[in-house]
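Encoded as C-alpha cells, the structure appears first; notes follow it.
None of the figures in this text is laboratory data; all of them are computed from the coordinates on show. Everything numeric here is computed off the predicted structure, so don't read it as measured data. Here the Cβ positions follow ideal geometry from the backbone for every residue, glycine too, while neighbour counts run over all protein chains shown.
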Amino acid sequence: MAKYIFVTGGVISSLGKGITSASIGRILESRGLKVSLMKCDPYINVDPGTMNPYQHGEVYVTEDGAETDLDLGHYERFTHTEGTRFNNVTTGQVYNTVISRERRGDYLGKTIQVIPHITNEIKDRVKKAAKSSGAEIVLVEIGGTVGDIESLPFLEAARQFSQDFGKDNVLYVHVTLVPYIKCAEEIKTKPTQHSVGTLREIGIQPDILICRTERPLSAEIKEKISLFCNVQKEAVIEARDVASIYQIPIIFKEQVLDEIILSHFKLISKSSELKDWERNVVEKALHPKHTVTIALVGKYTGLQDAYKSIHESLAHAGIANDARVEIKKVDSEDIEKHSAEKVFNGVSGILVPGGFGYRGIEGKIKAIRYARENKVPFLGLCLGMQCAVIEFARAACGLHEANSTEFKPKAKHPVISLIAEQRKIKDMGGTMRLGAYPCRIKKNSLAYKIYGRILIRERHRHRYEFNNKYRAAFQKKGIVFSGIYPQKNLVEIIELKNHPYFIAVQFHPEFKSRPDKAHPLFREFIRSALSHQPSAIS
Ligand code: GLN
C-alpha cells in the first residue's frame, strides 16, 4: 500500500507549495523510493485549459495530453516522474462525475452531499492516481490556502485518509509564512499559529511545517512554533528565500527532512545522494561564467507564471552553457508602437512563445522579421512558429495578405489554418491537438544537428496547423520543413537556411526540459545567442 503525504498552504498563496512538494519528491526519490505527485485544484473549471493565463498562469501539458496546473511542471522538473491526466484533480472534474452519476440514477434515491459523495470521489481519484503510478509514496498538493471555502472538501478528504489508512501511513505537511516585520525588527509566528489552528479545526494536525521566511529562524522561534503548533521541533523546517529554486531539495536535506518523513512512515531505505544535483544543477545555476540576454516577446509578460516552463527551460539552457540567462520581457503590443532596433538593443536572442488570439500578433511578426533580417538567434514556439510562417509568407513569398484563419477567418492566403478534424469541433475544452506526437526529423537539417536523431516526441497544445498548400512556395524561398508528423503529414519544425539559428516548432519543447538535461532546442538557442554580438545603440 502507498503512503500519502498531503501538502497544504496557509497564511497567503504563492508560498511555493508546488516547489516544496516537488523538492520533497526529489529527496525521497534520492533515497531510492518511487514517488508520485499530484495536485488538487479547488476551482470549478474542469481543467485550466479554458482559463486566461492571467488567471491561472501557464497550462502545463502532460505526455498523455492533459491540460494541467503548472505545478505538474515542477514535479516533472524536480523528479523523474511523468504526470498523466490522473495527477491533476479539480473540483470541476469531481462534480462533473458525481452529477453525471446522479443523473444516471446510480445513487438509488440518496441525497447527494459534499460528505460523503464529493469527498469519496476525491479520495477515489487520489487512490486511482496512486495505484496507476505504482508509487510507494504519493504526494498530494492541495491548491489554495487553508480557510478558503473551495478547498474544504479536499481538506476533509485528506483528513479522512488518516482515518481510513491509519496515522502511520499518512503525513501532513503545511507550508506557512513566518514574516519579518521591519519596523518591529521581529519575526512573527502568529500567522503560522492561526493557520495551523484553522487546519486543526478541520481535524488535521500537521506533522511538518515548512516555514517560508526572509530571515533565518532562531532556535527560540522554532521552539515557539513547535510549542504553539504542536509539531516536533525538528519538524519545523526553515525555507528561506533562495537565489535558485533548485537549491530547495538540498536545503530540505540539510534539515534531514527525508529522515523525518521516513521515520514517520517507519520506512528504511538507502542513504541519500544529492551530490549530482548539487554539482550539475545548483552550482552551475549559482555561479555561471557568462551572461546572455534573451527577449521573450509575449502578451502575458506581466505575469511570470504565464510562461513558467519557458523561464525554467531558459534557466536549464543557461546551466548547460555555463551562463546566466537574463530575460528581457517584451510586450508584443509595445513593439507595434516602437522601433525594433530600440526594443532589441543589447539582446542576443529572441524567443516568441505560444498564445491565442490576434492581440499582439503584429508585434510578434515584427520581432521575428527583425530576428530574421538581422540574423539574431530566434526560437519560435507554437504560435511563435505560426507567426514566423506569416512573417515569411508576407515578406519573402510576396503573399502580402497572409494570415492565420484564427485571426482572419477569410484570409486571402491562409498559411495557418484548421485541418478538417478541427473544423467540426464545437466544445472548446480539451479539444485541441494535445499531448505527445511523434515527429520525423530531416537529416542534414539544423533540427537534426540539435536533436541528433531522426525520431522525436514532443508535446502539443494548439488547433491550427501549417497549411500544406503553401509548402512549395516557402521551400523555394529558403524555408526548410525539417520536422514532420508522418501519420498526418503535418509541419512540426521549420527553419531558415543562411541564418545562425532560426528555428520554430509547432510543439512546446519547454514541457520537456529538465534542470540537469536542458532541452536541446533551448540549449542550442542559448549556445548560439552566446556567440551573437548584440547590437548596441545609444
Ligand atoms: N493559437 C494557436 C493555435 O491554437 C497557437 C496555440 C499555442 O501557441 N499554444 O493553434
Give the stretch 394-411 a look and list any residue that's of a type in the set (A, V, I, L, M) and away from the ligand (no atom under 16 Å from the Cβ), or say none.
-> 395, 396, 399
Index of the failed condition, residue 388 passing every other in (1) farther than 20 Å from residue 498 by Cα; (2) within 14 Å of the ligand (Cβ to nearest atom); (3) small (Gly, Ala, Ser) | (1)
Qualifying positions in the stretch 8-48 - farther than 13 Å from residue 88 by Cα, in contact (Cβ under 8 Å) with a residue 24 or more places away in the chain, of a type outside the set (A, V, I, L, M) and in a loop (DSSP other than H, G, I, E, B) | 10, 13, 16, 30, 31, 32, 34
Within the stretch 367-376, is there a residue that is closer than 27 Å to residue 348 by Cβ and within 16 Å of the ligand (Cβ to nearest atom)?
-> yes
Within the stretch 456-509, the residues that are surrounded by fewer than 19 Cβ atoms within 10 Å (Cβ to Cβ), without any contact (Cβ under 8 Å) to a residue 40 or more places away in the chain and either among the acidic types (Asp, Glu) or within 16 Å of the ligand (Cβ to nearest atom) (or both) are 468
From the list 75, 95, 54, 107, which one is of a type in the set (Phe, Trp, Tyr), part of a helix (DSSP H, G or I) and exposed (fewer than 15 other Cβ atoms within 10 Å of the Cβ)?
-> 54
If a residue has to be within 27 Å of the chain's Cα centre (by Cα) and buried (at least 19 other Cβ atoms within 10 Å of the Cβ) to count, how many in the stretch 359-370 make the cut?
-> 7
Are there any helices (runs of 4 or more DSSP H) wholly within the stretch 174-279 with 1 or more residues that are under 30 Å from the mean Cα position of the chain (by Cα), and if so which?
-> 190-201, 248-254, 257-265
Does residue 431 satisfy the criteria of being within 16 Å of the ligand (Cβ to nearest atom), out of contact with any strand residue (DSSP E or B) (no Cβ under 8 Å at 6 or more places or on another chain) and polar (S, T, N, Q)?
-> yes
Matching residues in the stretch 332-358 - criterion: being closer than 25 Å to residue 432 by Cβ and either surrounded by fewer than 18 Cβ atoms within 10 Å (Cβ to Cβ) or within 12 Å of the ligand (Cβ to nearest atom) (or both) = 333, 352, 353, 354, 355, 356, 357, 358
So residue 347 fits all but one of (1) closer than 24 Å to residue 65 by Cα; (2) of a type outside the set (Gly, Ala, Ser); (3) in contact (Cβ under 8 Å) with a residue 12 or more places away in the chain; what number is the exception?
-> (1)
